[in-house]
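Take a look at the structure below.
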Amino acid sequence: MSTIERLRVELGERGYDILVGPGLIGRAGAEILPLLRRRQVVIVTDETVARHHLAPLSASLAEHGIAERTVVLPPGEGTKDLAHFGRLVDDILAGGVERGTMLVALGGGVVGDIAGFAAATLLRGIDFVQIPTTLLAQVDSSVGGKTAINTAAGKNLLGAFYQPRLVLADTTSLATLPRREVRAGYGEIVKYGLIRDAGFFQSLEAEGEAVCDLEPAALTRAVMVSCRMKAVIVAADERETGDDRALLNFGHTFGHALEAETGFGDRLLHGEAVALGMVLAFDFAVRLGLASGQDSHRVRHHLAAAGLPTELSAIGLSGSDADRLLAHMGKDKKVRDGAITLILPRRIGEVFVMRDAPVEQLRAFLAEAR
Ligand SMILES: NC(=O)c1ccc[n+]([C@@H]2O[C@H](COP(=O)([O-])OP(=O)(O)OC[C@H]3O[C@@H](n4cnc5c(N)ncnc54)[C@H](O)[C@@H]3O)[C@@H](O)[C@H]2O)c1
Ligand SMILES: [Zn+2]
């Protein structure tokens, strides 16, 4: 029997709790009630999530006398644009909203990001609660206070740092998530082990399969360790001014290039891109003499066993795409003054920020990648 775990994100007066475990959506009313200034919330969700998980949330709120309105968005990354954002805030404002109104984001990272940005900007900021329903959102996007939408110029370019009042990560809600989405989220869990916890990576080698099979105890543990690590990193570097928070981008500069090249769509999910990106980062570090081939092999083996892509060929790319990938990497947000910044591993459990990565060696490496 797995129970609810609680973790505090230490951000002074902006600090908040993350709850992880089964059945939390059914307890949402009780958890949210103490945070409310008025018994009124606006739920933001998407059609798919609404179909599976809205009814128990509504019932739990009603049970505690909390009035609720719901705005249902279409599912998918396309929803995170200015047009949908405009309609969302218009809808919320038309229904009446006051400073004391609480916004509740029920869904994956798309819902969390757009609803969080709405909360950050409506009336210059109203409270919001995250109820993440994808594994990726539970271990990553719902923690840390980054909110954003996409613009014509690129992804996540319009947003705010804005912390939720509470995160409820209901592990039972993942049962309805497509397997491929679960595996993609698992890629981000592995990332936490690789960036600073070799022991955690080792435990994932033992029970990663159980996590992907949503076995309650293993799943709750993995989500908790991930959230705790992100919470500690965020508390030390809330607005990503130092290197700490940048370490969370391990695998992401390569990953974003792969996503851009494959069109940011179903061909390659974000977590899949991160998995392959982490393998490329390890291989490149081996080539530069920074990491061992043994560690690189271990990482590739584990991610492949989890059903994640670990070769360019698996996603229909090859070394002949090197120049285009490099061009995408040059456009990554983490680029400063035209130089490419990479997060590279020294070993499993330790990564560092390399500014001014050697571009020609990177080009040669990608050209030879399979
Ligand atoms: N703010 C951050 O720090 C941060 C970090 C990482 C990613 N992100 C953002 O998160 C987004 C990706 O998030 P995501 O992977 O959760 O995608 P998503 O929100 O699009 O969810 C993926 C799909 O799963 C469906 N879904 C969600 N929960 C479900 C459930 N329990 N059962 C069945 N279907 C369900 C959704 O409707 C959607 O079709 C991207 O926009 C990315 O930029 C933000
Ligand atoms: Zn990510």
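The values are calculated or read from the model by the stated rules, or taken from the named source; none is laboratory data. The model shown is predicted, which means the values in this text are computed figures rather than measured ones. Glycine gets a Cβ as well: all are built from the backbone with ideal geometry, and neighbour counts include every protein chain shown. Surface accessibility is based on the protein's heavy atoms, side chains included, excluding ligands, DNA and RNA. Shrake-Rupley method; radii C 1.70, N 1.55, O 1.52, S 1.80 Å.
For Leu82 and Gln294, the difference between the fully extended length at 0.36 nm per residue and the C-alpha to C-alpha distance is 71.7 nm. Restricting attention to region 1-72, close to 45% of DSSP beta bridges with both partner residues there are antiparallel. The count of lysine pairs in the chain that are at least 8 places apart or cross chains, and whose C-alpha atoms lie under 15 Å apart, stands at 9.
Tell me, what % of the accessible area of the chain is carbon and sulfur with a 1.4 angstrom probe?
Details: 7480 of 14780 Å².
Answer for the chain: carbon and sulfur cover 51 percent of the accessible area.
For the chain, state the semi-axes of the equivalent ellipsoid (square roots of 5 times the eigenvalues of the alpha-carbon gyration tensor), sorted largest first and rounded to whole angstrom. It would help to have the intermediate numbers written out before the result.
Values: eigenvalues 244, 97, 65 Å².
Over the Cα atoms of the chain, the semi-axes work out to 35, 22, 18 Å.
Each label was represented as a point 7 Å from its Cα along the Cα-to-Cβ direction; for Ser320 and Arg180 these points are 2.5 nm apart. For the set Ser60, Ser292, Ser320, the ranking by accessible area, highest first and with no ligand, DNA or RNA atoms included, is Ser320, Ser292, Ser60 under a 1.4 Å probe. The alpha carbon centroids of region 59-87 and region 198-241 are separated by 28 Å. Near the amide H of Val104, within less than 5 Å, lie the amide hydrogens of Val42, Ile43, Val44, Val129, all on another chain or at least 5 residues away, with H placed in the peptide plane.
Would you please classify the overall shape of region 218-370 from the alpha carbon gyration tensor, given that a ≥ b ≥ c denote the square roots of the eigenvalues, rounded means a/c under 1.5, and beyond that prolate means a/b larger than b/c while oblate covers the rest?
Taking the square roots of the gyration eigenvalues as a ≥ b ≥ c, region 218-370 is rounded.
Cα centroids of region 99-164 and region 254-272: 21 Å apart.
Computed from label points 7 Å out along Cα-Cβ, the spacing between Glu98 and Ala304 is 6.1 nm.
Compute the Cα gyration tensor for region 185-254, then decide on rounded, prolate or oblate, letting a ≥ b ≥ c be the square roots of its eigenvalues: rounded whenever a/c is under 1.5, prolate when a/b is larger than b/c in the other cases, and oblate in all that remain. Numbers along the way, then the final one.
Working: a/c = 2.38, a/b = 1.87, b/c = 1.27.
It is prolate, given that a/c is not under 1.5 and a/b is the larger ratio.
Rounded is the label for region 1-123, because the ratio a/c of its alpha-carbon gyration tensor axes (a ≥ b ≥ c) stays below 1.5. Rolling a 1.4 Å probe across the protein heavy atoms gives the chain an accessible surface of 40 Å² per residue.
Counting helices only, and only those DSSP H runs with n ≥ 4, report the 222 nm mean residue ellipticity of the chain as the sum of -39,500 (n - 2.57) divided by its residues, in deg cm²/dmol to the nearest 500.
For the chain, the value works out to -13000 deg cm²/dmol.
Evaluating kT/(6 pi eta Rh) at 20 °C and 1.002 mPa s, with the Kirkwood radius of region 126-246 over Cα pairs in the Stokes-Einstein relation, gives 142 µm² s⁻¹.
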